[in-house]
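Structure first, commentary second.
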Amino acid sequence: MSNIPAVNSLITAINFDRFAEIEAHHRADAVFQSFRGPTLRDSVGIADWHREFLRDYADCNYTELEYAEEGNSVAVRGTIEAKAYDWRPFTQRVIEAFTFDSEGEVAQRRLYGMLRDITFDKPTTAAMNDAIGFKGGSASSTRTTVKAFYDALLSGDSEGALAQLHEKAACIDGVYGIANGAANILDFLRQIPMPAFGRLRVTNIVAGEHDALVELAIDPARPRFADWVRVTDGKIRVIEGYAMLRELGVNPYENYANDRHRRLVIMPN
């Protein structure tokens, strides 16, 4: 039985500020980690977190939803449309990873984000349109391609990694920028700053027919990165890089004030 309808129901509850429903979708001891922090370990705290979140993300609406599902895990890539403290609209691309228990309640959630209002250049837009328009593929072939790429990438095997990339692949990192072309992407990924100690490793893969979520961390208890990988004809066409922004030392509130301006009616004198 698919858990995607339960995910959609939770997203609808978030879109409409239904905090009691948000709490009810989570197991009492659910764990929620987000790019804004902190780590929460109960359903009541998760509902309260969303009260603050939906204050800062007024008129929140999850759009452009895409899914990958394996077993009791569901991955969702979406774009949040909302209004900032000054009521100006903005967009923010996010990934959510869900784990459900046997009762159909959310046991774990991890919410990764990009910085706001990311824009694509022409080669990246072309790669994205090509990947989104691709209709073939299978979950098994997607998993095989993605796993081979990350095994090669993390072991320093450049030739093995290049073999899994489309010649005109694009990489969109929500913090560090954009790269186009297979060789440029490998150089770009190697330049992303890492802590002095520890080694990045894949902690989870959820593969769909032509998309896959890949989670990466140094300490599995502290999620760090999540990539949404788009595969066409057995080659990786687009890599979208998301992150736990606070884990990287990026202030998710930077350049965005938190005190919302009150909407006031200006009466004529």
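The values are calculated or read from the model by the stated rules, or taken from the named source; none is laboratory data. Fair warning: this is a prediction, and the values are worked out from it, not measured in the lab. Heads up, the Cβs are rebuilt from the backbone with ideal geometry, glycines too, and the neighbour counts pull from every protein chain shown. Surface areas here come from the heavy atoms of the whole protein model, side chains and all, with no ligands, DNA or RNA. Shrake-Rupley method; radii C 1.70, N 1.55, O 1.52, S 1.80 Å.
The table below gives the values:
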{"quantity": "Test: residue in region 122-142 that is free of Cβ contacts under 8 Å to residues at least 40 places away in the same chain, assigned to a loop (DSSP other than H, G, I, E, B) and open to solvent by less than 50 Å² (accessible area, probe 1.4 Å)", "calculated": "no"}
{"quantity": "Any hit, region 171-178, residues being over 30 Å from Asn3 (Cβ atoms) and in contact (Cβ under 8 Å) with a residue 24 or more places away in the chain", "calculated": "yes"}
{"quantity": "Within region 148-206, considering residues that are outside any strand (DSSP E or B) and basic (Lys, Arg), the one surrounded by the fewest Cβ atoms within 10 Å (Cβ to Cβ)", "calculated": "Arg199"}
{"quantity": "Test: residue in region 16-32 that is at pLDDT 95 or above, outside any helix (DSSP H, G or I), surrounded by fewer than 20 Cβ atoms within 10 Å (Cβ to Cβ) and in contact with a Phe, Trp or Tyr (Cβ under 7 Å, 6 or more places away or on another chain)", "calculated": "no"}
{"quantity": "For Glu69: the one exception among (1) open to solvent by 50 Å² or more (accessible area, probe 1.4 Å); (2) touching a strand residue (DSSP E or B) at 6+ places or on another chain (Cβ under 6 Å); (3) under 29 Å from Met128 (Cα atoms); (4) touching a residue at least 60 places away in the same chain (Cβ under 8 Å)", "calculated": "(2)"}
{"quantity": "Matching option when the condition is over 19 Å from Arg237 (Cα atoms) and touching a Cys at 6+ places or on another chain (Cβ under 9 Å), among Glu81, Glu69", "calculated": "Glu81"}
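Per-residue answers, yes or no, for (1) within 18 Å of the chain's Cα centre (by Cα); (2) at pLDDT 95 or above; (3) in a helix (DSSP H, G or I):
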{"site": "Gly37", "(1), (2), (3)": "yes, no, no"}
{"site": "Val44", "(1), (2), (3)": "no, yes, yes"}
{"site": "Cys60", "(1), (2), (3)": "yes, yes, no"}
{"site": "Glu66", "(1), (2), (3)": "yes, yes, no"}
{"site": "Thr79", "(1), (2), (3)": "yes, yes, no"}
{"site": "Asp86", "(1), (2), (3)": "no, no, no"}
{"site": "Val94", "(1), (2), (3)": "yes, yes, no"}
{"site": "Phe98", "(1), (2), (3)": "yes, yes, no"}
